[in-house]
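For reference, the structure discussed in these notes is given below.
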Amino acid sequence: MEAFDPAELPELLKLYYRRLFPYGQYYRWLNYGGVVKNYFQHREFSFTLKDDIYIRYQSFNNQSDLEKEMQKMNPYKIDIGAVYSHRPNQHNTVKLGAFQAQEKELVFDIDMTDYDDVRRCCSSADICSKCWTLMTMAIHIIDRALKEDFGFKHRLWVYSGRRGVHCWVCDESVRKLSSAVRSGIVEYLSLVKGGQDVKKKVHLSEKIHPFVRKSINIIKKYFEQYALVDQDILENKESWDKILALVPETMRDELQQGFQRHSSSLQRWENLKNTVNKHQKNNKNDKCGPWLEWEIMLQYCFPRLDINVSKGINHLLKSPFSVHPKTGRISVPIDLQKVDQFDPFTVPTISSICHELDVISTKEEKENGAESAIKHRTRDYKKTSLAPFVKVFEQFLENLDKSRKGELLKRSDLQKDF
């Protein structure tokens, strides 16, 4: 894969926005079938340009307007905001207080830096295959709940381009939700609570909610390999002391001695489970049992959501197919059928797809002359490794279309009944 050099970004972005960005599909998504008048025209976009110049309240009439502006500005980053009561680019002309955010997809932002207290391989912006499992578990847990517990159908998961994932829930009814309802949904999906000073961040009650139970079942599939082998969370005294801080004091001495007798995280975890069981049998009043082991598993593996991103209707979130200026990676949709196979390190960079395009264009020009090369430009992304990701996006759009047509049919049938 072509190595990415940030110094080349301005030139690469020109090519990317001219020939590779999937404008047709992108417009089709945010236009939502053109069912609501001015839905696309009232959407806020914000562009971050070179040297961190930030422009908010951009809005466009149609696909061609959006294309022209993006090719003129060549933004380093694109964020998508809410659908407003008026066109965002005219917000200064609207009387004070009248310009209001009205609708937006329900969005989730999961960032690896929020797990720094529980991952041992990397910290801050760094990620590796050992900690990426946290994102895999997060997608499985949150997506299952959105689909089964809430009945949301249209969920687009996107890789951020560096160290996290985003989810866009696009159902029509969801886009209309108030900030209070959004907060309630995020609250339901949050189990890890407390800042850096709080040691024990997960507290389960004796009645385990089905959401918690189902989340634990997902974590169990990954826990041994991820936590005990790859992260080796009980490797030495320094690391196991963090876990002992999460158990009742009455057990700590016994566990400390037990851990010293064993030589691996796997053995020490077994020892912890056995000790907890024994304490539970001897002391019926002690609130332990499997809860204790589950609280530790949840604290180390459960998704950590950025609550503010989800609850605010006017909150901006990085757009799919934006380019990450530090890594050069494209913010690509993730195929929900292949979450476990998704590898952030194989996601195409802007350098690699521009290079692929150059090679193909040169070859085509040689074979067919310059004229036919120009004709072929319409679907240039298809000739690069961006193609499978655009296909995932198209599948998502297909389902949105089907759903919309079904709704329209249902409504017209209901009207006939009257």
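What tally of residues in the stretch 336-379 results from selecting those that are open to solvent by 40 Å² or more (accessible area, probe 1.4 Å), assigned to a helix (DSSP H, G or I) and either modelled with pLDDT of 95 or more or not hydrophobic (A, V, I, L, M, F, W, C) (or both)? Selection size over the stretch 336-379: 22. The residue pairs whose first member lies in the stretch 308-333 and is open to solvent by 10 Å² or more (accessible area, probe 1.4 Å), whose second member is of a type in the set (Lys, Arg), and whose beta carbons are closer than 6 Å, counting only pairs six or more residues apart or on different chains, are Lys311/Arg182; Ile313/Lys104; His324/Arg162; Thr327/Arg162.
Using the structure shown, decide if Asn89 is at pLDDT 95 or above, of a type in the set (S, T, N, Q) and in contact with a Ser or Thr (Cβ under 8 Å, 6 or more places away or on another chain). Taking the combined requirement at face value, the residue satisfies it. Going through (1) crowded, with 18+ Cβ neighbours inside 10 Å; (2) at pLDDT below 95 one by one, Glu249 falls short only on (1). With respect to the conditions (1) touching a His at 6+ places or on another chain (Cβ under 8 Å); (2) in contact (Cβ under 8 Å) with a residue 40 or more places away in the chain, Ser239 falls short on a single one, namely (1). The single condition among (1) open to solvent by less than 60 Å² (accessible area, probe 1.4 Å); (2) in contact (Cβ under 8 Å) with a residue 12 or more places away in the chain that Leu266 does not meet is (1). Selection over the stretch 83-131 of residues that are open to solvent by less than 10 Å² (accessible area, probe 1.4 Å) and touching a Gly at 6+ places or on another chain (Cβ under 8 Å) gives a count of 4.
Each residue in the stretch 12-67 was checked for being within 22 Å of Asn92 (Cβ to Cβ), surrounded by fewer than 20 Cβ atoms within 10 Å (Cβ to Cβ) and among the charged types (D, E, K, R), and 2 of them qualify. Within this structure, Arg261 passes the test of being open to solvent by 20 Å² or more (accessible area, probe 1.4 Å) and modelled with pLDDT of 95 or more. On inspection, Lys273 qualifies as touching a helix residue (DSSP H, G or I) at 6+ places or on another chain (Cβ under 8 Å), free of Cβ contacts under 8 Å to residues at least 60 places away in the same chain and exposed (fewer than 14 other Cβ atoms within 10 Å of the Cβ). Restricted to the stretch 276-289, and to residues there that are under 13 Å from Val247 (Cβ atoms) and at pLDDT below 65, the residue that is surrounded by the fewest Cβ atoms within 10 Å (Cβ to Cβ) is Lys287. Which of the residues that make up the stretch 219-234 are in contact with a Lys or Arg (Cβ under 8 Å, 6 or more places away or on another chain) and either without any contact (Cβ under 8 Å) to a residue 40 or more places away in the chain or among the β-branched types (Val, Ile, Thr) (or both)? Within the stretch 219-234, Ile233, Leu234 qualify.
When the stretch 380-396 is limited to residues that are of a type in the set (A, V, I, L, M) and in contact with a strand residue (DSSP E or B) (Cβ under 9 Å, 6 or more places away or on another chain), the one that is surrounded by the fewest Cβ atoms within 10 Å (Cβ to Cβ) turns out to be Val392. In summary, Ser124 fulfils each of the numbered conditions (1) outside any helix (DSSP H, G or I); (2) closer than 20 Å to Pro320 by Cα with the single exception of condition (2). Confirm whether Phe108 is touching a His at 6+ places or on another chain (Cβ under 9 Å) and under 30 Å from Ile243 (Cα atoms). Against the criterion (touching a His at 6+ places or on another chain (Cβ under 9 Å) and under 30 Å from Ile243 (Cα atoms)), Phe108 qualifies.
The values are calculated or read from the model by the stated rules, or taken from the named source; none is laboratory data. Treat the numbers as computed from the prediction; the structure is a model and nothing was measured. Every residue, glycine among them, receives a Cβ derived from its backbone with ideal geometry; neighbour counts consider all protein chains shown. Each accessible area value is taken on the protein alone, full model and side chains, heavy atoms only, with ligands, DNA and RNA left out. Shrake-Rupley method; radii C 1.70, N 1.55, O 1.52, S 1.80 Å.
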